[in-house]
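Contents: one structure, followed by commentary.
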Amino acid sequence: MRTQVGIIGAGPAGLLLSRLLALQGIDSVVVENRSREYVEARIRAGILEQNTVDVLTEAGMGERLHREGLEHRGIHLQYPGTRHTLDFPELCGRRVWVYGQTEVVKDLIAAQLAGGPPLHFDVTDVAIEDVDTDSPRIRFTDADGTPQVLECDVVAGTDGFHGPSRAVVAEGAAGQRLWERTYPYAWLGILADAAPATDELIYAWHPDGFALYSMRSPSVSRLYLQVDPGERIEDWSDDRIWEGLATRFAHEGWEISTGTVTEKSILPMRSFVSAPMRRGRLFLAGDAAHIVPPTGAKGLNLAVADVVLLSRALVRLLQDKETDLADAYSDTALRRVWRATHFSWWMTSMLHTTGDPFDAELQLSQLRRVCSSEAAARELAENYTGLPY
Ligand code: APR
Ligand code: PHB
């Protein structure tokens, strides 16, 4: 098989890259080691920046998003005694949408299978070769067990945190560096058939730990509790989870709405950046190169920003035979990555209790500042809704 861009991984990064390239007349093939069912069932975050909505819409992926997505104009920040609303359009003229990453992925897969570039699920033994030449290749075994060789001009490593691409960059790129922070807490997340008891998401600081009230639709809530990373999900009955949520979101004159829990899991929290995001003809994008903790809702949005940049660089490289954007890709992408890394770390640090009373006072002071200073609130709003590309 031959293609211009071989794409490893059918998450939002790989699927959107394939689509953006197709719209520019560049062909690609996507290989994914999981099944379509698995990829479409994976529950991930659900906040889309204005930039992300614009990119998806321009790529022809906005139909269901605009029909079913929920437009949001702010968030509530809560600490004991206070529930304060940040109005994003007023602060920075931008807004966000609630639309699950799972739904974005379903839309992209449906479009790809309806006449888009080839997409192979259930592949195994993916190996990347000759990335330091102009003709790299991907070897894999297809779903029928047949070994395949995909000859490419470029390989895109959009295979997430656990995929093989990052290690190939690490083996060969001069001066490869990694930065990592593992946070001493985790999120216990549930999906519940319960109408959200709030108009906007609630980010709540509480002495027992952080809690987040999010949603997926007018009848489905998505809620999170800060827990110790050593906690086991088996020890958290639905009743215990609802009690924890009710305590942490408690606010005068307000009540949580409960319902059947349809999914629950514990998610570790880490920051991770790997640079450069390129070796020769292999380019990394999305979780393959960086992870942010979920507090700022930046993971998916950062993956989209990467592939917008990468698609432009690849069009220029493969159509105009100019290397300037490809050469600038890693540095340009990393500037946005570090901004989002800082914002996610800052939101995380402000909202998660550590057990240290000094930390608690600093957090409360920061929260009061964001809720009383327009300048401080605007800084949060601009980052949350997404800085312009
Ligand atoms: N071969 C082929 N595909 C692979 C391999 C492999 N060896 N290893 C991993 N993959 C696939 C995964 O199964 C997954 O479908 O690569 C895909 C990577 O997708 P994501 O993990 O979703 O990463 P990305 O597309 O960068 O999306 C960005 O934003 O909200 C965050 O972490 C969240 O997934 C989200 C991310
Ligand atoms: C979610 O809805 O899953 C979600 C929302 C906001 C966040 C993180 C996750 O900051």
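The values are calculated or read from the model by the stated rules, or taken from the named source; none is laboratory data. No experiment lies behind these values; they were computed from the predicted model shown. Neighbour counts run over all protein chains shown; Cβ positions are idealised from the backbone, glycine included. Accessible surface areas use protein heavy atoms only, side chains included; no ligands, DNA or RNA. Shrake-Rupley method; radii C 1.70, N 1.55, O 1.52, S 1.80 Å.
Overview of values
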quantity: Qualifying residue in the range 220-243 (condition: touching a strand residue (DSSP E or B) at 6+ places or on another chain (Cβ under 7 Å), within 27 Å of residue 356 (Cα to Cα), away from ligand 2 (no atom under 16 Å from the Cβ) and among the charged types (D, E, K, R)); calculated: yes
quantity: Residue, nearest to residue 3 (Cα to Cα), within the range 104-116, restricted to residues that are open to solvent by 70 Å² or more (accessible area, probe 1.4 Å) and among the hydrophobic types (A, V, I, L, M, F, W, C); calculated: 113
quantity: Residue satisfying condition, being within 16 Å of ligand 2 (Cβ to nearest atom) and within 23 Å of residue 211 (Cβ to Cβ), within set 102, 82; calculated: 102
quantity: Residue within the range 318-328 that is at pLDDT 95 or above, open to solvent by less than 10 Å² (accessible area, probe 1.4 Å), touching a strand residue (DSSP E or B) at 6+ places or on another chain (Cβ under 7 Å) and not in a loop (DSSP other than H, G, I, E, B) present; calculated: no
quantity: Hey, residue 313 open to solvent by less than 50 Å² (accessible area, probe 1.4 Å) and in contact with a His (Cβ under 9 Å, 6 or more places away or on another chain) or not; calculated: no
quantity: The range 117-159, residues that are over 13 Å from residue 1 (Cα atoms), out of contact with any strand residue (DSSP E or B) (no Cβ under 8 Å at 6 or more places or on another chain) and exposed (fewer than 15 other Cβ atoms within 10 Å of the Cβ); calculated: 133, 134, 144, 145
quantity: Those residues of the range 231-258 which are part of a loop (DSSP other than H, G, I, E, B) and either on the phi < 0 side of the Ramachandran plot or among the basic types (Lys, Arg) (or both), in sequence order; calculated: 231, 232, 236, 237, 250, 251, 252, 254, 255, 256, 257, 258
quantity: Test result for residue 192, more than 16 Å from ligand 1 (Cβ to nearest atom), among the small types (Gly, Ala, Ser) and either within 20 Å of the chain's Cα centre (by Cα) or at pLDDT below 95 (or both); calculated: no
quantity: Candidates 255, 263 - the one that is without any contact (Cβ under 8 Å) to a residue 60 or more places away in the chain and either open to solvent by 20 Å² or more (accessible area, probe 1.4 Å) or closer than 16 Å to residue 224 by Cα (or both); calculated: 255
quantity: Criterion: aliphatic (A, V, I, L, M), within 15 Å of residue 285 (Cα to Cα), part of a helix (DSSP H, G or I) and in contact (Cβ under 8 Å) with a residue 24 or more places away in the chain - qualifying residue of 315, 370, 307; calculated: 307
quantity: Some residue of the range 273-282 being outside any strand (DSSP E or B) and within 19 Å of the chain's Cα centre (by Cα); calculated: yes
quantity: Identity of the residue in the range 105-129, in contact (Cβ under 8 Å) with a residue 24 or more places away in the chain and out of contact with any Ser or Thr (no Cβ under 9 Å at 6 or more places or on another chain), that ends up nearest to residue 287 (Cα to Cα); calculated: 105
quantity: Residues of the range 20-61 satisfying the condition of being open to solvent by less than 10 Å² (accessible area, probe 1.4 Å) and out of contact with any Gly (no Cβ under 9 Å at 6 or more places or on another chain); calculated: 21, 26, 59
quantity: Exclusive hit being open to solvent by 20 Å² or more (accessible area, probe 1.4 Å), of a type outside the set (Val, Ile, Thr) and touching a residue at least 60 places away in the same chain (Cβ under 8 Å), set 336, 279; calculated: 279
quantity: Residue that is nearest to ligand 1 (Cβ to nearest atom), among those in the range 126-154 that are touching a Lys or Arg at 6+ places or on another chain (Cβ under 7 Å) and among the hydrophobic types (A, V, I, L, M, F, W, C); calculated: 127
